[in-house]
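Okay, structure first, notes after.
The values are calculated or read from the model by the stated rules, or taken from the named source; none is laboratory data. In this text, all values refer to a predicted model and were calculated from it rather than measured experimentally. As a convention, Cβ positions derive from the backbone with ideal geometry for all residues, glycine included, and neighbour counts pool all protein chains shown.
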Amino acid sequence: MSAALRESDDGAVRAALEQALAETRGASAPVAELSRRPFAYETSFALDALDARLADGERLALVVKDVGEAGLSTKAAATKPARTLDPRREIAVYRGLLSPAGLSTPRYHGAAVDPEIGRSWLFLERVEGEVLTDVGELGVWCEAAAWAAGLDRAVSGDADVLLHRDAGWHEGWIDAALAALGDDELAARLRASRAPLVERLDALPRAFVHGELYPANVLVARGEGQARIAPVDWELAGSGPYALDLAALVGGWSREDRLAMCRAFHRSLPAGAPGFEELLAATELCELSLALQWIGWAPGWVPPETQRHDWRGEASRLLEAVLP
């Protein structure tokens with residue numbers, strides 16, 4: 001738990017929740033009862049689970065996420081690159097983009113922001129479900145891929161705090177990867193391929209993307225009919241190559257299964273989108289981009305077990321595939 005949440009008594013959390021609810025409901029919503037506990041879901045930022053009963057009897061199952069600097073875990077604070085950090089981004093995404101779109105993401109219940117005391121608290125619906133990482137049925141993964149393909153059409157508008165994965169963004173991560181790789185063979189190949197790689201990434205069609213749509217960031221709620229796909233942790237949301245979120249999902253699957261996910265994604269793209277073979281090539285490019293990002297993320301950093309991978313080996317294989 002972050003220092004801000006740990007040091008805040010229940011009265012302060014109650015007041016912040018009432019402030020947040022007043023934002024989304026347009027009227028005061030007094031909280032009659034409130035209980036909180038650390039949330040089991042692992043994230044770089046502090047999360048508490050809240051169970052609230054409002055004065056009118058309505059009950060809410062929520063999480064409060066401290067998206068400010070104080071909310072970062074010690075490990076995340078030491079390793080997250082400065083370019084990825086902006087406490088306003090995730091709040092702006094839920095408030096201005098996801099909530100108006102009526103997507104299956106966790107419902108936005110408001111935010112309590114006070115720069116003077118360093119508070120940036122985000123209140124969200126607590127979705128009860130599985131993490132996609134733990135789901136074995138390929139069909140559910142295909143549903144997640146289809147969801148990702150429809151994200152750009154569902155969201156309208158912009159926010160000035162979004163990340164924009166342009167040529168400068170790609171150059172920055174390639175250079176970070178080169179610094180981490182040193183003088184090995186992969187670094188030499190990457191250095192020679194830097195300009196054409198940036199050119200090809202920057203030429204891909206752009207879309208609004210989650211930015212880290214790894215299975216650990218996707219909640220799946222089961223019920224009758226189609227599963228609810230509820231991606232969380234929108235800290236790196238913004239514009240980028242249209243296949244970026246698909247690339248984050250398909251890693252580690254067999255060729256046949258990844259093709260199934262790619263087909264589900266492609267079927268959900270709008271008319272006039274690139275063809276299927278173009279999508280496959282774009283996905284490999286984006287997988288390479290993500291692998292290089294992980295390599296250059298922070299010197300000596302070891303990612304969580306759910307995201308641990310031989311990124312050097314993956315980058316070497318993909319670089320050979322996309323720029324033989």
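Does region 191-198 contain at least one residue that is modelled with pLDDT of 95 or more and within 30 Å of VAL67 (Cβ to Cβ)? No: zero hits. The set of residues from region 223-252 being in a loop (DSSP other than H, G, I, E, B), farther than 19 Å from PHE39 by Cβ and out of contact with any Leu (no Cβ under 7 Å at 6 or more places or on another chain) comprises GLY223, GLU224, GLY225, GLN226, ALA227, GLY251, GLY252.
Pairs meeting the criteria (first residue in region 180-206 and under 14 Å from SER316 (Cα atoms) and assigned by TED's automatic domain parsing to the domain that holds ALA282, second residue among the acidic types (Asp, Glu) and at pLDDT 95 or above, beta carbons under 9 Å, at least 6 apart or on different chains) are ARG194/GLU171; ARG194/ASP175.
From the set of residues in region 118-139 that are touching a strand residue (DSSP E or B) at 6+ places or on another chain (Cβ under 6 Å) and of a type in the set (A, V, I, L, M, F, W, C), which is farthest from SER104 (Cα to Cα)? Here the residue is TRP121. List, please: which pairs have Cβ atoms under 7 Å, are six or more places apart or on different chains, and start with a residue in region 207-220 that is touching a residue at least 24 places away in the same chain (Cβ under 8 Å) and closer than 23 Å to GLY272 by Cα and end with one that is hydroxyl-bearing (Ser, Thr, Tyr) and buried (at least 23 other Cβ atoms within 10 Å of the Cβ)? Correct list of pairs: ALA207/TYR242. Considering ARG119, ARG126, the condition of being modelled with pLDDT of 95 or more, basic (Lys, Arg) and over 19 Å from GLU320 (Cα atoms) is satisfied by ARG126 alone.
Listed by position, the strands (runs of 3 or more DSSP E) enclosed by region 113-222 that each have at least 1 residues that are hydroxyl-bearing (Ser, Thr, Tyr) are 119-125.
Taking residues in region 9-33 that are under 16 Å from VAL63 (Cβ atoms), and partners anywhere that are in a helix (DSSP H, G or I), the pairs with Cβ atoms closer than 7 Å and at least 6 places apart or on different chains are VAL31/ARG14; VAL31/LEU17; VAL31/GLU18.
Within the option set GLU212, GLU199, being within 15 Å of the chain's Cα centre (by Cα) and not aliphatic (A, V, I, L, M) holds for one residue only, GLU212.
Okay, residues lined up against (1) over 30 Å from ARG200 (Cα atoms); (2) modelled with pLDDT of 95 or more; (3) buried (at least 21 other Cβ atoms within 10 Å of the Cβ):
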| site | (1), (2), (3) |
| --- | --- |
| TYR94 | yes, yes, yes |
| HIS109 | yes, yes, yes |
| VAL135 | yes, no, no |
| CYS142 | no, yes, no |
| ASP158 | no, no, no |
| ALA167 | no, yes, no |
| ASP183 | no, no, no |
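Which count do you get for residues in region 99-112 that are outside any loop (DSSP other than H, G, I, E, B) and under 16 Å from LEU62 (Cβ atoms)? Going through region 99-112 one residue at a time, the tally reaches 6. Against the conditions (1) among the charged types (D, E, K, R); (2) surrounded by 20 or more Cβ atoms within 10 Å (Cβ to Cβ); (3) modelled with pLDDT of 95 or more, ARG263 satisfies every one except (2).
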